[in-house]
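Encoded as structure tokens, the structure appears first; notes follow it.
The values are calculated or read from the model by the stated rules, or taken from the named source; none is laboratory data. The structure presented is a predicted model; accordingly, all values stated were derived computationally and were not measured. Neighbour counts are summed over all protein chains in view; Cβ atoms, including those assigned to glycine, are modelled from backbone coordinates with ideal geometry.
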């Protein structure tokens, strides 16, 4: 049983600093560079089924970097466009505006940065100014009535068997539900995950509720928001 | 998604050990690169989060050791002969409890941060620190007692 002192200690958790956004971006780039160097000297992978997704992430990073390098070679500069996966810049997915819902997106970014949209029926807490990052702080204090979505797209070529061809609107009833999940900042928040292939993209949509037992009305509200999800045309 | 989901916590583990933003930046980046390079050796039956935190912890301890010279393998014992690795200025500015946590030696600071602020269970901490669960419980108790004592001193003065 926790003492009053322990409870006071827990409430001081915001004292712990967070990494700043430029360091976060640099760390991701450094990781990407190291993965690219690794694929130049390939070694046999012994990935097992559960890690297909990890392999996808690694492959996506590498493939995106190769794409960026090719763009430099042929064009001589970064040119962000709003077309499909063959381009350097890709539009993020997005949720159509609706009363009571907030949204932030990465906008048009290279695929390696993960074009992402985050929507919530609560204020979205800035993650150190780094748009598109996992909404840890929003989820940490998500009220029971809260709903948060994060949608990210990748290249269809990186699809694993976890990704199923689907059409929009996605259905929440197709989601895999995880009451507990890695990186979970709040044990009351389950994750509903849909991994789909839509057009030329793989699409991962994670939905989070502020309760392990969302009501029918909450599920309906979430489905309404999911109906407003749009993915860039290929 | 994997990087973004785990990066903040990995960084905070490194910060808890090192007490310095710059040192945590380096240790956390190194930890993520090591972890992704070794993914194919990772046991699929285990959760990724504690494994990443363990790599970050070990990386930070290595950095601490490099800065302070050779010490015992056990950071807890080494901490007896070390003052805090960094003065954790951001933590110290975070109110009286943050300031007291900043004053703890690295091992005690880390165990408090993992349990009370990063919501790791004692078993998870045992995995991260590579210690028996019972040892974690006793060390957590001692860290808590020291923290309470620091706060009482602060209150008296």
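Test residue A:173 against the criterion of being in contact with a strand residue (DSSP E or B) (Cβ under 8 Å, 6 or more places away or on another chain) and at negative phi, and give yes or no.
no
Given the structure, is residue A:217 at pLDDT below 90 and outside any strand (DSSP E or B)?
So residue A:217 does not fit the description; no.
Check residue B:150 against each of (1) within 14 Å of residue B:15 (Cβ to Cβ); (2) surrounded by fewer than 20 Cβ atoms within 10 Å (Cβ to Cβ); (3) at pLDDT 85 or above and name the one condition it does not meet.
Of the numbered conditions (1) within 14 Å of residue B:15 (Cβ to Cβ); (2) surrounded by fewer than 20 Cβ atoms within 10 Å (Cβ to Cβ); (3) at pLDDT 85 or above, the odd one out for residue B:150 is (1).
Mind checking which pairs have a first residue in the range A:12-37 that is within 7 Å of another protein chain (Cβ to nearest Cβ) and on the phi > 0 side of the Ramachandran plot and a second that is at pLDDT 85 or above and surrounded by 19 or more Cβ atoms within 10 Å (Cβ to Cβ), Cβ under 6 Å, 6 or more apart or different chains?
Hits for this filter: zero, empty list.
When you check residue A:124 against the structure, is it more than 20 Å from residue A:220 (Cα to Cα) and assigned to a loop (DSSP other than H, G, I, E, B), yes or no?
yes
Just give me the residues in the range B:125-138 being closer than 13 Å to residue B:13 by Cβ and at pLDDT 85 or above, in sequence order.
Scanning the range B:125-138 gives a single hit, B:125.
Just need a number here: residues in the range B:45-54 that are surrounded by fewer than 24 Cβ atoms within 10 Å (Cβ to Cβ) and part of a helix (DSSP H, G or I).
Qualifying residue count for the region: 5.
Within the range B:1-27, can you find the residues that are closer than 12 Å to residue B:63 by Cβ and either facing chain A (nearest Cβ under 7 Å) or in contact with a strand residue (DSSP E or B) (Cβ under 8 Å, 6 or more places away or on another chain) (or both)?
Passing the criteria: B:15, B:25.
So, in the range B:84-142, of the ones that are without any contact (Cβ under 8 Å) to a residue 12 or more places away in the chain, facing chain A (nearest Cβ under 10 Å) and not in a helix (DSSP H, G or I), which residue ends up surrounded by the fewest Cβ atoms within 10 Å (Cβ to Cβ)?
Across the range B:84-142, the extreme among qualifying residues is B:93.
With assigned to a loop (DSSP other than H, G, I, E, B), on the phi < 0 side of the Ramachandran plot and buried (at least 20 other Cβ atoms within 10 Å of the Cβ) as the only criterion, which of A:184, A:167 stands out?
A:184
Please verify whether the range B:12-21 includes one or more residues that are touching a helix residue (DSSP H, G or I) at 6+ places or on another chain (Cβ under 6 Å) and within 16 Å of residue B:124 (Cβ to Cβ).
Checking the range B:12-21: at least one residue is touching a helix residue (DSSP H, G or I) at 6+ places or on another chain (Cβ under 6 Å) and within 16 Å of residue B:124 (Cβ to Cβ).
When you scan the range A:179-191, do you find a residue that is free of Cβ contacts under 8 Å to residues at least 40 places away in the same chain and over 24 Å from residue B:118 (Cα atoms), even just one?
Scanning the range A:179-191 turns up no residue that is free of Cβ contacts under 8 Å to residues at least 40 places away in the same chain and over 24 Å from residue B:118 (Cα atoms).
Taking the condition of being out of contact with any helix residue (DSSP H, G or I) (no Cβ under 8 Å at 6 or more places or on another chain) and either away from chain B (no Cβ under 14 Å) or part of a loop (DSSP other than H, G, I, E, B) (or both), how many residues in the range A:197-214 meet it?
So the answer is 4.
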